[in-house]
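One structure is given here, and the rest of the page talks about it.
The values are calculated or read from the model by the stated rules, or taken from the named source; none is laboratory data. What you see is a predicted model, and the numbers here were worked out from it, not measured in a lab. Note that each Cβ is placed from the backbone with ideal geometry, even for glycine, and that neighbours are counted across all protein chains shown. For the accessible areas, the whole protein counts, side chains as well, though only heavy atoms, and no ligand, DNA or RNA atoms are used. Shrake-Rupley method; radii C 1.70, N 1.55, O 1.52, S 1.80 Å.
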Amino acid sequence: MTSTALRHSIWILRGNPLTGVAAAGVLSLIFIAIFGPWIVPYDPIASNVSQALLPPSAEHLAGTDQLGRDVFSRLIVAARLDLAIAVSAVSLSFVLGAVVGSFCGYAAGRLDRTVGRFVDVMMAFPLFVLAMAMVAALGNRVENIIIATAVINLPFYIRFARAEVNVRRNLGWVEAARSSGESHISVVLRFLLPNILPAMAVQMSLNLGWAILNAAGLSFIGLGVKPPTPEWGIMVAEGARFISTGRWWLVAFPGLALMLAVLCFNLLGDGMRDILDPRMRT
Amino acid sequence: MNQQQVIGRTVRGTLGATMARAGRRFLSSLPALFGVLVFTFLLMRVLPGDPAVFFASGPNASKEDVELIRKQMGLDKSMPEQLALYLYDVGRGNLGRSMMTGQSVTKDLRERLPASLELTFTALLIALVSAIPLGVLAALKPGSIIDHGVRLFCALGVCVPTFVSGLLLIYVFYYLLGLAPDPTGRVDVFTSLPPSRTGFLMIDFLLAGDIEGWWAALKQLILPAMSMALFVIAPLARITRASMLVSLGSDFVRTARSVGLSRRHVVVTYALRNAILPVITIAGIVFSTMLGANVLVEKVFSWPGVASYALDALLSSDYAPVQGFVLLMASLFVLVNLTVDVCYGIADPRVSIE
Amino acid sequence: MQPTSFKTMFRATAVLALLLAATGPLQAQTRAETLRYVTGASVNTLDPNIPGATRESFALSLSTYDRLVSFGRKQLNGKWVFDLDKITGELAESFDVSPDGLKITFRLRKDAKFQDGSPVTAEDVKWSLDRAVTAPVLGKNQLLTGSLTSADQFKVIDPHTFEVTLPKPDKLALPNLAVVYPIIINSKLAKAHATAEDPWALAWLKENTAGSGAYVIESFKPGEQVIVKRNEAWNRGTTDKAAFFKRIIIQSVPEPATRANLVERGDADLVIDLQASDVQSLEAKAKLKVISTPQYNAVTFVSMNNQIPPFDNVNVRRAVAFALPYDDMFKAALFGRGAPLFGATWEAGKPPNGGYPIPQPVKVDLDKAREYLKAAGLPEGFATTFSFNVGQASTAEPMAALVKESLAKIGIKVDIQKLPDAQMSTQINEKKLPFFTEGIVAWLPSTDYFYRNFYIGNQRWNYSSINNPELTAIAQEARFEPDKAKYEEAGLKLNAIHFSEMPQIPLWQPNQDAVMAPSLEGYTYQFHRQVDYRDLSRK
């Protein structure tokens, strides 16, 4: 069974080399996130004003910023925080969305309609502005950025889970579980939820990259993480100020890091979709 | 009764039914709009900033000035009272006054909405024009190098924050190459504006017969629209590819092929026409999210649209514009969805809106 | 048929070519006579008195309205700045101050006309100044600082003579009539638009002008742009003729990097709110004219709330004052663009003069800082938050990072808080922030004015919330001190108290960096830290 799945995956990978590359990218990202602080050449937050705004050199691979901090070291160390923001934001909306959505899809009726209304309200919101307002209201701490990102994602997960459960609720094996005396809650949590997880996992992977970009956008308007914490979004946002003076390294390298991370997540999500359901391949 | 009449009546019947369904759907979305209204109101009051203090920031502003502004903004009343007053005002079509611009929010939004819509439409057009061929190409040879190329291109588009692509486009095309006009809004300040008929400059210039002005306005549009379009090509190309794959694999396409119709004819007339419906749906969704999400693009290109207006208002805790903006966006969202539904209903009478 | 159409075509082409040839130079000429000014903020009202008016609105009002008098200008370190001590007539042809200093008589220009052609009379002046001190407008609190508080003080002598009476001699009375707020309004026009609830026509004047100023509003799009055209009849300028530019375009461009690009490419003529890094690189390229004037009526502080522990302890405040990395902050955050207010040496620990602000004898000295902390009973340090507003991020953010790093060395753990502007002002107003950076500005900079407005009372501008009876008494007394030597002495005392109490730490006076096309001339640094468009010309 597992070997079939493995063989299937390998077959898919051969057909789609991009997925393999993306998976390798995500793995190295995780590696950097874990071991980053030990492999950087400089302290990412120690300033050295006499070395400010130096272009890339052998000494500073990605140059230095306004305070003379090593951009390369900051990039590496930032991986952990960025990954943490993305993963926790997406997991939060994933867990909430999956549970709420599945119950709605299963129960239908009034609960479904009430939640449906609520989801409609949220969908009708201009989402980025909602995130901005939430961070402004709660204060721009990392937790709040995560919460805001999770909230604006929530309606999509609820809808997705609801739809997936809705098509399955009357299938034979669900009926069987019910008739064998399982409670409704147990049917949802033990049977339906695990069944829709793979499809949702794909959604999640696609969403990770988006969550990082969202945090970057918040940084650009001044609602990102606090200085001097290194984070890609805020580095790009700050670096963007220096485009006009030709200090390209301040925006190019963080931008590249951001881009690669998002690209890997997206391609991986795409590839995973193929593996799970070749017919849905798009 | 001849056959022609029968068909006519059926079509009219389905159209009527579609409209009735759209009406019902519109009514059922009213509670959501109301929810948005109340929720935004509350969210804005939760913001820890006091707009009165912020706007009383002259070098000699005193407590009195703060109180004065508070009274002007109606902040001296209790929260439920404020909400009731606000709802009453909204009911009469009055969205309040912006402290930031000193104008009524309705007026501000009316002046700025066409700018945002024009930008978003153009961006959507660019995205569709590039996404559909890309999607079709990818679907024709799934798994080929073209397919992967399209996939990579789309993924690249969505992985750069719009503000970065915007700033880079300005740097390269305006600053370095001098090809693009200065990124200072909808039209070069030295070009005189056409009489405002629709608010859409592209249309107003044409109506006024001012081709030079039209060209100037178009040039201003291209860069911001491009940076927005880059971001939405991916979902559009993806859905085109998916529905093309289904459509190409269906019986009628196989039949069309087997009777020896030309490949081009089959792909465009049969497959694509049938695959276009899901693309319309996604385009509708993309359009409404873009309207709300183009905050950063508007900011970067000094575009006088509604989103950058809301952003400034939010940062200065100017309640009325943010509330007005959210309400406007929510209404547009409902409207776009309805339009998509109606289009859908007309294009394929079998589809039920419910 | 064919020849005719050919002829028509030829004729059309010729006409077109002629048109092109004619419009070419014409357009170039209008461009030279047009000033394009770009800024990050925007004009939000045409009447500077409306609560919430932006600085850009103030600047515009100087060109659209006249006042009775205006400030002269002087050279400071080779740069033109406004001169508080030289008041010249604007709508007033001349004015006299009575020997007891209680009456100021203005004789109005007889040729002065409002933009609708009606003459400017003493009645208009009376109505306008009455409005400034009675209506709910911003001018009220400003004019108060010049002892102008009630309509009874303003008297019409004859259509061209106007008299102001003061309760006691006040050297700020006359300068107050030259600031932004006391605009002279066409009272007939304004009254025609007044209503029972709005007797001072606040609503109408917000969106319309009724002045006699150098420029007439051509179009006003709040939040976007304002275009004004020259008032050809205006002759109140220093050179007794109309302003130079025929047309001025004031445009909002929120992105600072874009503003830098615009001025560098010659699409904009003048910009004053660039980022320090952009100014530095533009200056290095030497293609444009850069005039950097330290904002000598403004100060940037690191403030501590003297009522919130541990900053209620003077030794803690001193410890902080000796632990800030001044040079690094000045270099990294401000790119050295300003006048530093640190690193001075005071002979025998006494302030060298009674001016405000003066450079303080502070520098980084971590050992000294640790001693002060020990004296405060906090040898291990403490934890606090340091706040700044988002609008100031480009300088305050690197500054905050440096403050955090340096204070950590003496055991003070700093958490940085970045607040949206409205939240920052609210929290300052409510006295909730223990430790933050902010700036102040005084339109009429004199020592007593600074101390009275920024160091007294439970109000927003007293950032440090200091409550020192001695300081209060000296400053209040100095206000009406006519004797220069005594005034200087009071200033010395105030400065000494400031240093020993260290309520907040003055850092620097940032530069106003005006970057402009090389052809522009006449730029003057003004009290409201904006451009007075009437000063400018193109060579």
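Per-structure values
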item	result
Residue that is farthest from the other protein chains (Cβ to nearest Cβ), among those in region C:208-232 that are under 21 Å from B:LEU193 (Cβ atoms) and exposed (fewer than 15 other Cβ atoms within 10 Å of the Cβ)	C:GLU218
Hits in region B:241-259 (condition: more than 9 Å from chain A (Cβ to nearest Cβ) and either modelled with pLDDT of 85 or more or open to solvent by less than 60 Å² (accessible area, probe 1.4 Å) (or both))	B:MET244, B:SER247, B:LEU248, B:GLY249, B:SER250, B:VAL253, B:ALA256
Test: residue in region A:169-185 that is within 14 Å of chain B (Cβ to nearest Cβ), assigned to a helix (DSSP H, G or I) and out of contact with any Pro (no Cβ under 7 Å at 6 or more places or on another chain)	no
Scan of region C:209-224 for residues that are out of contact with any strand residue (DSSP E or B) (no Cβ under 6 Å at 6 or more places or on another chain) and of a type in the set (S, T, N, Q), ordered by number	C:SER212
Whichever residue in region A:215-230 is outside any loop (DSSP other than H, G, I, E, B) and either within 14 Å of chain C (Cβ to nearest Cβ) or in contact with a Leu (Cβ under 9 Å, 6 or more places away or on another chain) (or both) and, among such residues, is most open to solvent (accessible area, probe 1.4 Å)	A:PHE220
Which numbered condition A:HIS60 misses (of (1) at pLDDT 90 or above; (2) part of a helix (DSSP H, G or I))	(2)
Residue within region A:104-117 that is free of Cβ contacts under 8 Å to residues at least 24 places away in the same chain, in a helix (DSSP H, G or I) and over 23 Å from A:ARG168 (Cβ atoms) present	yes
Flag for C:THR426 being more than 8 Å from every other protein chain (Cβ to nearest Cβ) and either surrounded by fewer than 21 Cβ atoms within 10 Å (Cβ to Cβ) or in a helix (DSSP H, G or I) (or both)	no
Test for C:ARG55: is it within 30 Å of C:LEU129 (Cα to Cα), modelled with pLDDT of 50 or more and open to solvent by 60 Å² or more (accessible area, probe 1.4 Å)	yes
Residue in region B:321-340 that is surrounded by the fewest Cβ atoms within 10 Å (Cβ to Cβ), counting only those that are at pLDDT below 90 and small (Gly, Ala, Ser)	B:SER331
Subset tally (residues that are out of contact with any helix residue (DSSP H, G or I) (no Cβ under 6 Å at 6 or more places or on another chain) and either at pLDDT 90 or above or not aliphatic (A, V, I, L, M) (or both)) for region B:58-73	8
Residue check for A:ARG190: at the interface with chain C (Cβ under 9 Å from one of its Cβ atoms), free of Cβ contacts under 8 Å to residues at least 40 places away in the same chain, open to solvent by 10 Å² or more (accessible area, probe 1.4 Å) and at negative phi	no
Enumeration of residues in region C:186-203 that are assigned to a loop (DSSP other than H, G, I, E, B), over 14 Å from C:VAL133 (Cα atoms) and not acidic (Asp, Glu)	C:ASN186, C:HIS193, C:ALA194, C:THR195, C:ALA196, C:ALA201
Among (1) farther than 20 Å from A:GLY224 by Cα; (2) in contact (Cβ under 8 Å) with a residue 40 or more places away in the chain - the single one C:GLN459 does not satisfy	(2)
Check on A:ASP112, out of contact with any Pro (no Cβ under 6 Å at 6 or more places or on another chain) and surrounded by fewer than 21 Cβ atoms within 10 Å (Cβ to Cβ)	yes
Index of the failed condition, A:ALA86 passing every other in (1) within 14 Å of chain B (Cβ to nearest Cβ); (2) in a helix (DSSP H, G or I); (3) open to solvent by 10 Å² or more (accessible area, probe 1.4 Å); (4) touching a residue at least 60 places away in the same chain (Cβ under 8 Å)	(3)
Any hit, region A:231-241, residues being of a type outside the set (D, E, K, R), within 14 Å of another protein chain (Cβ to nearest Cβ) and within 16 Å of the chain's Cα centre (by Cα)	yes
Residue in region C:385-418 that is surrounded by the most Cβ atoms within 10 Å (Cβ to Cβ), counting only those that are more than 14 Å from chain A (Cβ to nearest Cβ) and closer than 28 Å to C:ALA496 by Cα	C:ILE412
